[in-house]
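**Student:** Provided herewith is a single structure, encoded as structure tokens, for subsequent inquiry.
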Amino acid sequence: MSMVDSGRILEDSLDYAKEGLAGRWDRWILLILSCIVFPLFLGYAVRVYRGANPSPKPENWGGMFIDGIKLMIVGLVYALPVLILEVILFASPGMVKTSSANPDAIMGLLLAVLLSSIILVIAATLIWLIITIAGVRFARTDNFSEAFNFREILARIGRIGWMDYIVSLLMMFIVVGITAIICLVLPFIGPILLLILLPALGLFSARYITLLYESGGPE
């Protein structure tokens, strides 16, 4: 597609999650357990990233766990620059030693915190945009190093269209985020309900990201 059809991707992803879980309570329970042992569900997401359609059965647990660990390592490597930047910004001597008795110093500290927070959010957002494609590229090539092939990753985002890509990811984030917030604000049963819905949200997100990746054309 020359332009991302976000509506079609959204509808397809919802149908994908529904088809994969509706009436299949054994699969749903297994995926809930996979969410608790988190690398297992990441490994399941890798199978979705590879283009499995309809949604795959959760099986070959050893392979799922290994794929999940690999995807987790990719995420940790990408998170390192943000963590290092956070330490640099918020653990600087100026941040630590500012006197609370000096109003000017307090104002300067607040401005420094605000500026540092903005820089950190921008950096984290850029990493998020890259890592989303990197995870699918790792799954499609089954090559760990390809998750860090920035030239190909940026080229794919370029083919998708940066604005279309960002808007589409925001749509997914809103759908998942609103669902999670609704669950969490419910007293007592909220966290349990969220745990039950995690497989559906994860399956929806994995399919959504896969279709968004494929909208950039063939490898």
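Laboratory data are not the source of any read-out in this text; all were calculated from the coordinates shown. As the structure is a prediction and not an experimental result, all values here were calculated from the model. Here the Cβ positions follow ideal geometry from the backbone for every residue, glycine too, while neighbour counts run over all protein chains shown.
**Student:** How large is the charge dipole for the chain, taken about the Cα centre, if only the Cβ atoms of Lys, Arg (+1) and Asp, Glu (-1) carry charge, to the nearest 20 debye? Numbers along the way, then the final one.
**Tutor:** Values: 15 positive and 16 negative charges, 42 e Å.
Computed charge dipole of the chain: roughly 200 debye.
**Student:** Another question, then. Pop a pseudo-label 7 angstrom from the Cα along the beta-carbon direction at both residue 152 and residue 11 and give the gap in nm to one decimal.
**Tutor:** Rounded to a tenth, the inter-label distance reads 3.3 nm.
**Student:** Follow-up. With a point put 7 Å past each Cα toward its Cβ, work out how far residue 50 is from residue 144 in nm, to one decimal.
**Tutor:** 1.8
**Student:** Sticking with this one: State which helices in the chain qualify, where a helix is a whole DSSP H run, it must extend 20 Å or more along its own axis by its Cα atoms, and its mean Kyte-Doolittle hydropathy must be at least 0.0.
**Tutor:** Details: long enough: 6-21 (23 Å, -0.53); 61-90 (41 Å, 1.90); 103-141 (56 Å, 1.92); 162-185 (34 Å, 2.33); 190-214 (34 Å, 1.52).
Correct list, ordered by number: 61-90, 103-141, 162-185, 190-214.
**Student:** Where in region 119-156 does the amide nitrogen come within less than 14 Å of the point 7 Å from the Cα of residue 66, taken along Cα to Cβ?
**Tutor:** Hits in region 119-156 for residue 66 at 14 Å: 142-144.
**Student:** Would you please state which residues of region 197-216 a label at residue 184 would reach in this model, taking the label point 7 Å out along Cα→Cβ and a backbone N cut-off of under 18 Å?
**Tutor:** The answer is 197-202, 205, whose backbone nitrogens lie closer than 18 Å to the label point.
**Student:** Here's a follow-up. In Å and from the alpha-carbon atoms only, list the Rg and Dmax of region 122-219.
**Tutor:** 15.4, 47
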